[in-house]
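**Q** Below: one structure in structure tokens.
The values are calculated or read from the model by the stated rules, or taken from the named source; none is laboratory data. As the structure is a computational prediction, the values presented were derived from the model and not from experiment. Cβ placement follows ideal geometry from the backbone for every residue including glycine, while neighbour counts extend to all protein chains displayed.
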Amino acid sequence: MADSPAPESKARRRWVSFGETIALAALIISALGLWNSWRGDEPEKPSPSAEVKSAIPIAFRGEVEANGKAMRITPVESGHSLESLTLSLSGKPAISIGSDGRLAASDIQQLVGAAANGKPGSVGARIEARYIEAGTLKRGGGRYRISYRWDDGGLFGGDKLRLTGLSLA
């Protein structure tokens with residue numbers, strides 16, 4: 001009878017192997033959690049289509065200031081920053097506006113000439129710009145119409161041209 005173990009030792013061996021099984025399962029779960037956290041720390045690579053931003057062509061808007069005595073010409077897109085702006089009418093000398101985009105009505109009045117019976121009018125113009133987009137210096141522009149009206153200057157003032165708007169031609 002020395003060969004057969006006591007019933008207590010059989011039960012103890014079974015509980016030890018069950019405890020080892022639970023410990024091994026816990027070790028595997030911990031290893032999977034560790035592997036998952038290491039894999040999750042890698043920065044996600046954006047898709048190639050998200051990295052490439054297409055260039056947006058420059059477009060302008062005109063905001064009338066001082067009751068039409070001036071107009072501020074600014075890019076529509078906030079990502080564009082003006083370096084210089086030049087306005088030219090066909091057959092007339094170009095007007096260099098600069099980076100502030102402020103166009104004086106007197107500059108247009110010199111190019112348009114005398115008042116046309118006090119009627120509103122418009123003139124076609126080419127706007128050329130040097131601007132910065134995403135850190136790169138670019139050139140662009142387009143054809144626009146500058147609309148205006150004539151105000152009576154009174155007894156001694158003469159007629160005065162007042163700017164009323166800017167639109168894409």
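**Q** Of (1) surrounded by 11 or more Cβ atoms within 10 Å (Cβ to Cβ); (2) modelled with pLDDT under 90, GLU63 satisfies all except one. Which?
**A** (2)
**Q** Please give the number of the condition PRO43 fails out of (1) at pLDDT below 80; (2) surrounded by 10 or more Cβ atoms within 10 Å (Cβ to Cβ).
**A** Among (1) at pLDDT below 80; (2) surrounded by 10 or more Cβ atoms within 10 Å (Cβ to Cβ), the lone unmet condition for PRO43 is (2).
**Q** Only one of these conditions is not met by ARG13: (1) part of a helix (DSSP H, G or I); (2) at pLDDT 90 or above; (3) surrounded by 11 or more Cβ atoms within 10 Å (Cβ to Cβ). Which number is it?
**A** (2)
**Q** Looking at region 122-145, which of its residues are more than 17 Å from the chain's Cα centre (by Cα) and among the basic types (Lys, Arg)?
**A** The answer is ARG126, ARG143, ARG145.
**Q** Something else about it: Identify the residue in region 95-134 that is aliphatic (A, V, I, L, M) and over 20 Å from ALA59 (Cβ atoms) and, among all such residues, is surrounded by the fewest Cβ atoms within 10 Å (Cβ to Cβ).
**A** Kept after step one, since they are aliphatic (A, V, I, L, M), are these residues of region 95-134: 95, 97, 103-105, 108, 111-112, 114-116, 123, 125, 127, 129, 132, 134.
Okay, now just the ones that are also over 20 Å from ALA59 (Cβ atoms), so 104-105, 108, 111-112, 114-116.
On the way: ALA104: 17, ALA105: 24, ILE108: 21, LEU111: 18, VAL112: 19, ALA114: 9, ALA115: 18, ALA116: 11.
Only one residue fits best here, namely ALA114.
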